Amino acid sequence: MEEKDNLNRQILFYFLFAILMIILNYGIQKINQLFLAPYICSNFGTIEIIQALYCSITPNMSELIGSIAAVGITYIIKFFLDKHFVFKKGGTLIKETSKEFLKYFGFAILTTIENIGIQFLLTNLMNTPLEISIIIALSIGYLTKFYFDRKYVFNIRNS
C-alpha cells in the first residue's frame, strides 16, 4: 500500500510541476511571439540568415525557435524539481547528478522531438491555435517522460 501511495504522490507532483512548466513554456513562447520575434524581425530581418532561420513565416520559424527555447528552459528547471521533490533523490554529488542529468536530458531530447513535432504538425498542418497545440504536445510529452524518468533516470522500480 505504501508503494502505491508513493507512486500516486510521484504522479501528482510530477504532473503538478508539469502543469507549472506548461504555463512557463506558454509564457516564454508568448513573449517570443509578442515581443522578441517582432523586434528581431523588424530590426534584423533583412539579414539573410536571420530571415531564413527565424523570421520566415512559411513555415513559422520564430514559433519553432521559441518552442525549442521554451522547452529547453523548462526541462532544466523540471530536472531539479523532479530529482528533489518528485523522486526524492537527494544526492548532491556532481558525478551522480551529472549522470542523472545526462540520462534525463537524453530522454528529454526524445520527448522534445515528440513534443515539437506534435506542436509543429498541429499548428502548421491542422491550423490548431498555438495555445491548444502547446497543451496537447506538452501533455503527451510529459506523460512519456514520466515513465522514462521513473524507470531509467531515477531508477524507481515496481516491486
Estimated D of the chain in µm² per second, where Rh is the Kirkwood radius over Cα pairs and Stokes-Einstein applies at 10 °C, 1.306 mPa s: 94
Once both label points are put 7 Å beyond Cα along the C-beta direction, the L24-I47 separation in nm becomes 2.9
Note the angle between two axes, namely the Cα long axis of helix 2-31 and the longest principal axis of the Cα atoms of the chain, as a number of degrees from 0 to 90, rounded to the nearest 10. 10
Can you give the relative contact order of the chain as a percent, counting alpha carbon pairs under 8 Å and 6+ residues apart? 25
Which of the lysines could be linked to K151 by a straight reach, that is with a Cα gap under 21 Å, when you skip same-chain ones fewer than 8 residues away? K4, K78, K83, K88, K89, K95, K99, K103
Counted charge near N25, where neighbours are those whose Cβ lies closer than 15 Å (Asp, Glu -1; Lys, Arg +1): 0
Taking Cα centroids, how far is region 4-56 from region 63-122 in Å? 13
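Values quoted throughout were computed directly from the atomic coordinates according to the rules given, and no laboratory measurement underlies them. Bear in mind the structure is a predicted one, so any value in this text is a computation, not a measurement. Note that each Cβ is placed from the backbone with ideal geometry, even for glycine, and that neighbours are counted across all protein chains shown.
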